[in-house]
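Student: Let me give you the structure first, and then I'll get to my questions.
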Amino acid sequence: MTTLPITPQSQAAQDAAEYVRIAQAEAANIPGIPVDTTTRPIHEVAVVGAGTMGGGIAMALANIGIPVTLIDSSAQGLASGLQRVRDNYAGSVARGRLDAAAMEERLARIRGSVDLADAASADLVIEAVFEDLALKQQIFRQLDALCKPGAILATNTSGLDVDAIADATRRPQDVIGAHFFSPAHVMRLLEVVRARETAPDVIATLMGLGRKMGKTSVLARIYPGFIGNALFRNYTREAHFLLEEGALPHEVDQALMSFGYAMGIFAVHDMAGNDVGYQTRKAQMATRPQDRRWNDMILKLTEQGRLGQKSGAGWYRYEPGSRTPHRDPQLEQFIVEESARLGFKRRPISEEEILKRCLYGMVNEGARLLEQGIALRPSDIDIVYVTGYGFPAYRGGPMYYADQIGLASVYADIQRFHDEHGYWWQPSPLLAELARNGRRFSDWSAAA
């Protein structure tokens, strides 16, 4: 048998893989909450909201033997949700990943209801309605009145203020954020969000439940977007700015795929739907600060009906029945015209600049999360990104990647981008300190 030589590239990939393995285990260690903390028993769960997310959460629980009551406000919504669950299981059977008997066992653990009072006996309630703070607060007021003492009330929000939701109850110690990723029965990440008064045993219970579901549970504190979406905003914003300045969607996506992403950001937009979040972003335009640059091109695509794969055109065009993206001259002409309208003189943009601007913005934001205690450790940020956001595992995650490059080099580029592009590139004080002292994020983590 011939043994292949270990090259520097393969050794780096092995080192990153080992780092990711250790980081996943380390994410379970929470200062002040011993590993032997007594957790609350979870024998029965209610999920409020039978949409794609709620149904996926119900499946993830049923898969590990926990009975679930899936509750929706309408009979039609409930019926659609239950049918979606059945279809998902049937797809697994058709692909040979599940046998028919197991499918029926799991379906039997999920019962539907249109009455919120049916959450009264649950040990854990997971609210999974759409991102509307007032609606979530209303539901939590009702749950507070209905649920038994000691029941955990979790909100599946991707970025809302969990304290504001907890304050709608008389039991804020029992309220916690549970940010699942869609499809929740497949995706391996769970962001557990600690609110101001969340009890330690509630945190330990949800972290442990996530692991039982086969997920990597990572703890975060309250911050717009928590860990994952906070960094993702920087990633997407710079990608869009690059289009205004001279790049085209396929050039940005190709650079990201060459780095190791399975898909580029514009192909991801088209897959998810460019109309996702449209109403929220449109409403925010009237009150957002005017001292910084914004990008609204995706809103204009939505208004043109370019929703992505589902409409046959977005940042790319798609042939009927195909998900393969193709360059679209009409879209590219629109981008060129938008650049002119905004006063940009388009220029060639290198793959190196594309990568630095998309990736270093995440590193800078990650450093801010560490400064403020939003994330416990750099490796938690990396695990969120490798597990939930498609960051190439053999790169180890954005913070690990920055350590390998050298923080002095990363910081120098961020300073330069700040000089050139302003507000969004204000360097993190922690990153500046580590760079000046020749230290790495891993050094900071060890000291902390």
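The values are calculated or read from the model by the stated rules, or taken from the named source; none is laboratory data. Since we're looking at a predicted model, the values are computed, not measured. Heads up, the Cβs are rebuilt from the backbone with ideal geometry, glycines too, and the neighbour counts pull from every protein chain shown.
Student: Residues Leu107, Leu82: which one is under 26 Å from the mean Cα position of the chain (by Cα) and assigned to a helix (DSSP H, G or I)?
Tutor: Leu82
Student: Still on this structure: If Leu256 meets every condition in (1) in contact (Cβ under 8 Å) with a residue 60 or more places away in the chain; (2) in a loop (DSSP other than H, G, I, E, B) apart from one, which number is that one?
Tutor: (2)
Student: Related question: For the stretch 245-277, give me each residue that is farther than 19 Å from Pro392 by Cβ, within 19 Å of the chain's Cα centre (by Cα) and small (Gly, Ala, Ser).
Tutor: Correct list: Ala272, Gly273, Gly277.
Student: Between Thr198, Thr287, Thr216, Thr236, which is buried (at least 20 other Cβ atoms within 10 Å of the Cβ) and without any contact (Cβ under 8 Å) to a residue 40 or more places away in the chain?
Tutor: Thr198
Student: Here's a check for you: in the stretch 30-46, which residue that is more than 21 Å from Ala122 (Cα to Cα) and exposed (fewer than 14 other Cβ atoms within 10 Å of the Cβ) is farthest from the chain's Cα centre (by Cα)?
Tutor: Asp36
Student: Report, by residue number, each residue of the stretch 135-160 that is part of a loop (DSSP other than H, G, I, E, B) and either buried (at least 18 other Cβ atoms within 10 Å of the Cβ) or touching a Gly at 6+ places or on another chain (Cβ under 8 Å) (or both).
Tutor: Cys147, Ala151, Asn156, Thr157, Ser158, Gly159, Leu160
Student: Kindly indicate whether any position in the stretch 18-33 is within 27 Å of Gly177 (Cα to Cα) and in a strand (DSSP E or B).
Tutor: Yes, because at least one residue in the stretch 18-33 is within 27 Å of Gly177 (Cα to Cα) and in a strand (DSSP E or B).
Student: May I ask you to list pairs of residues, at least six apart or on different chains, whose Cβ atoms are under 9 Å apart, with the first in the stretch 92-107 being assigned by TED's automatic domain parsing to the domain that holds Leu70 and the second being part of a helix (DSSP H, G or I) and loosely packed, with under 11 Cβ neighbours inside 10 Å?
Tutor: Val93/Ala100
Student: Now a separate question. Could you please let me know if Thr216 is polar (S, T, N, Q), within 23 Å of Asp144 (Cα to Cα) and assigned by TED's automatic domain parsing to the domain that holds Leu61? Reasoning before the result, please.
Tutor: Working: polar (S, T, N, Q): yes; within 23 Å of Asp144 (Cα to Cα): no; assigned by TED's automatic domain parsing to the domain that holds Leu61: yes.
No, not satisfied.
Student: Let me ask something else about it. Determine whether Gly112 is in contact with a Leu (Cβ under 6 Å, 6 or more places away or on another chain), in the same structural domain as Cys147 (by TED's automatic domain parsing) and at negative phi.
Tutor: Judged against the criteria, Gly112 is a match.
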